[in-house]
Amino acid sequence: MNVHEYQAKQLLRDFGIPVPNGVPVFNVDDARRAFDALPGPIWVVKAQIHAGGRGKGGGVKLARNKGEVEELTKSMLGMTLVTKQTGPEGKLVNRLYIEEGVDIRRELYLAVLVDRVTSGITLMLSSEGGMDIEEVAEHNPEAIIRIPVNPAVGLQPFQVRNAAGKLGGSPVFVRNLTDFLLKFYKAFVEMDCSMAEVNPLVVTGNDKVVALDAKLNFDGNALYRHPQIHALRDITEEAPSEVQASKFDLSYVKLDGDIGCLVNGAGLAMATMDILNYAGGHPANFLDVGGSATTERVTEAFKILVADQVKASFVNLFGGIMKCDTIANGIVTAARTLDLSIPIVVRMEGTNVELGKRILAESGLAIVSADTMADGAVKAVALAKRGN
Ligand code: ADP
Ligand code: MG
C-alpha cells in the first residue's frame, strides 16, 4: 500500500526524522491558512498523487507571496497531472501540500529496500539526488553506495560514517546523516515498509539533512498491525478493479493484455501467465482466487474480468482442498448470474475432475474444456484473436 507524500512525512516526523514544515491543503481557504502558518519567504505548492516525477510535470511550484499561493492552489486542484510515472492518462489532483521552501545546498538520493541479493534490508545512497535513479544505475553505477544491514544488529553507525566519507562533507553533515539514517532504518522496520525512497534527501546551508520528498510503500500482509497506517489508504489512487478485488481478498494485478485469467494459487497464476505468453497471447491480469474458491469469489472474480473488457478468459484451477465439482458449480453459477458473453476456456485438474467436467459439459453454457494447461492456453489465445 502507498500513501501520499504529506502522510509519509508525518509518519517520519513521528520518528524524529527532519522534514520541512508543511500543511495539507484541500481548498483555497486551507491554502491561505497554510501560508499564514509557514514562515516564508518561499512557499512550495506540491500536488499530492501516488506517483513521482511531479516536479518535471508541473506538480511542484514555488510561490513568493499569498497571492501566488492562492493562484497555484486554484490551478493545481482539479488538474490532471501527467508525469513519467502516471502514464499518459495522468492523475487527478485533489489534494495539495504546502511546504516551507528549503535552502538546498546538495541533493542526495536515499532508498531502503528489501534486497533479494542479500535476503535482507539494504540502504542505497547516492550523490545524484533529484535524478531518476534508474538512469544513475545505468550511466553512473559507481555513484550508488549500498549498505547491507545485518538484521540481527540493525544498521550500525560506522556503516553510515563509511558511506558519508565516500559522499564527502563536514563533520556536522556526517553526524546529521548518521542520525537521519539510523532513525529512518528504525522507521522502516517498525512500520513494516517494503520500500522507502527519499529523493531528494537534501543537505541545507547549515548542513542539516532533511527529507524533501518521501515515498513509503507498506507490506500489505503486515497492515493489520498498523491500523493507523491502513487508515491512510486513498482508494481514489488505485485502479477500481484492484479496489474491488481487495474487498473480496482476491490477489489481483491488472495487466495490459486481453485474456482474463482466473486461477487458484499464486504459483499456478504465474505459470498460467507464462504459458499464455508462450502460446502467443497476452494476459489481462494476474488473478488468484486462493485455496478456497467459493462460488461467491469466483463470481466476483468474473465480474472483475468482465469489467476489464477481456476478449477471452482462461480458468485454470487445481482441485485440491476444493474439489473440481464444487469449482465447476461455482463457474456455472457465476456464468449464469453474470450472463457472461466472453468465451471461457476451463482447465481443471485434481479431485473429482471427471465429475467437474461433466457439470461444465451439461451446463449448456459455451464453455470450452481443455485437457492440459498448454491445450487451454492455445484455445484461449485462438478465441481472444477471433474476438479482435
Ligand atoms: P517529485 O519527485 O515528484 O518530482 P519532489 O518532492 O522530489 O517531487 O520535488 C521536486 C523538486 O522540487 C525537488 O527535487 C526540489 O528541487 C524541489 N522542491 C520540492 N520541495 C521543496 C521544498 N520544500 N523547498 C525547496 N524545493 C523543493
Ligand atoms: Mg522526488
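The values are calculated or read from the model by the stated rules, or taken from the named source; none is laboratory data. None of the values given here were measured: they were computed from a predicted structure. Cβ coordinates were reconstructed from backbone atoms using ideal geometry, including for glycine residues, and neighbour counts include every protein chain displayed.
Take segment 317-339 and flag every residue that is within 12 Å of L262 (Cβ to Cβ) and touching an Asp or Glu at 6+ places or on another chain (Cβ under 9 Å).
Across segment 317-339, the qualifying residues are L317, G330, A334.
Does F180 meet the test of being at pLDDT 95 or above, crowded, with 21+ Cβ neighbours inside 10 Å, within 18 Å of H4 (Cβ to Cβ) and more than 16 Å from ligand 2 (Cβ to nearest atom)?
When the stated conditions are applied, F180 does not pass them.
Against the condition in contact with a strand residue (DSSP E or B) (Cβ under 9 Å, 6 or more places away or on another chain), of a type in the set (V, I, T) and under 27 Å from P227 (Cα atoms), how does V82 come out, does it pass?
It is false that V82 is in contact with a strand residue (DSSP E or B) (Cβ under 9 Å, 6 or more places away or on another chain), of a type in the set (V, I, T) and under 27 Å from P227 (Cα atoms).
In segment 175-235, which strands (runs of 3 or more DSSP E) lie fully inside it and hold 1 or more residues that are in the same structural domain as A164 (by TED's automatic domain parsing) and under 20 Å from the mean Cα position of the chain (by Cα)?
193-204, 215-218
Determine if segment 102-113 includes at least one residue that is out of contact with any strand residue (DSSP E or B) (no Cβ under 7 Å at 6 or more places or on another chain) and either assigned by TED's automatic domain parsing to the domain that holds F173 or not basic (K, R) (or both).
No: segment 102-113 contains no residue that is out of contact with any strand residue (DSSP E or B) (no Cβ under 7 Å at 6 or more places or on another chain) and either assigned by TED's automatic domain parsing to the domain that holds F173 or not basic (K, R) (or both).
Is it the case that segment 340-358 has a residue that's modelled with pLDDT under 90, under 24 Å from D258 (Cβ atoms), assigned to a helix (DSSP H, G or I) and of a type outside the set (A, V, I, L, M, F, W, C)?
Checking segment 340-358: not a single residue is modelled with pLDDT under 90, under 24 Å from D258 (Cβ atoms), assigned to a helix (DSSP H, G or I) and of a type outside the set (A, V, I, L, M, F, W, C).
Across segment 150-192, which residue is nearest to K9 (Cα to Cα) among those that are touching a Leu at 6+ places or on another chain (Cβ under 7 Å) and touching a residue at least 60 places away in the same chain (Cβ under 8 Å)?
So, considering only residues that are touching a Leu at 6+ places or on another chain (Cβ under 7 Å) and touching a residue at least 60 places away in the same chain (Cβ under 8 Å), the one nearest to K9 (Cα to Cα) is A187.
Please find, among N199, N162, N150, N221, the residue that is of a type outside the set (V, I, T) and closer than 21 Å to V19 by Cβ.
On inspection, the qualifying residue turns out to be N199.
For segment 167-177, which residues satisfy the criterion of being out of contact with any helix residue (DSSP H, G or I) (no Cβ under 8 Å at 6 or more places or on another chain) and either under 19 Å from L113 (Cα atoms) or crowded, with 19+ Cβ neighbours inside 10 Å (or both)?
N176
Could you list all residues from segment 1-23 that are within 25 Å of D219 (Cα to Cα), not in a loop (DSSP other than H, G, I, E, B) and not hydroxyl-bearing (S, T, Y)?
Hits for segment 1-23 are N2, E5, Q7, A8, K9, Q10, L11, L12, R13.
Can you tell me which residue within segment 128-166, out of those that are in a loop (DSSP other than H, G, I, E, B) and of a type in the set (G, A, S), is surrounded by the fewest Cβ atoms within 10 Å (Cβ to Cβ)?
Per the stated criteria, the residue is A152.
So R13 passes all but one of these: (1) under 25 Å from E190 (Cα atoms); (2) surrounded by fewer than 19 Cβ atoms within 10 Å (Cβ to Cβ); (3) within 12 Å of ligand 1 (Cβ to nearest atom). Which condition number does it fail?
With respect to (1) under 25 Å from E190 (Cα atoms); (2) surrounded by fewer than 19 Cβ atoms within 10 Å (Cβ to Cβ); (3) within 12 Å of ligand 1 (Cβ to nearest atom), R13 is out only on (3).
Return yes when A279 is out of contact with any Phe, Trp or Tyr (no Cβ under 6 Å at 6 or more places or on another chain), in contact (Cβ under 8 Å) with a residue 60 or more places away in the chain and in the same structural domain as M373 (by TED's automatic domain parsing) and no when it is not.
Spelling it out, A279 is indeed out of contact with any Phe, Trp or Tyr (no Cβ under 6 Å at 6 or more places or on another chain), in contact (Cβ under 8 Å) with a residue 60 or more places away in the chain and in the same structural domain as M373 (by TED's automatic domain parsing).
Take G364 and tell me if it is at pLDDT 85 or above and over 35 Å from the mean Cα position of the chain (by Cα).
The answer is yes for G364.
Filter segment 193-228 down to the residues that are of a type in the set (G, A, S), surrounded by fewer than 22 Cβ atoms within 10 Å (Cβ to Cβ) and in contact (Cβ under 8 Å) with a residue 60 or more places away in the chain and list them by number.
Those that are of a type in the set (G, A, S), surrounded by fewer than 22 Cβ atoms within 10 Å (Cβ to Cβ) and in contact (Cβ under 8 Å) with a residue 60 or more places away in the chain: S194, G205, G220.
Looking only at residues that are within 22 Å of E238 (Cα to Cα) and assigned to a helix (DSSP H, G or I) in segment 36-87, which one is farthest from ligand 2 (Cβ to nearest atom)?
M76
Tally the residues that are surrounded by fewer than 21 Cβ atoms within 10 Å (Cβ to Cβ), under 16 Å from E354 (Cα atoms) and among the small types (G, A, S), restricting the search to segment 293-342.
Selection size over segment 293-342: 1.
Taking G52, is it within 25 Å of N217 (Cα to Cα), in contact (Cβ under 8 Å) with a residue 12 or more places away in the chain, surrounded by fewer than 20 Cβ atoms within 10 Å (Cβ to Cβ) and within 13 Å of ligand 1 (Cβ to nearest atom)?
yes
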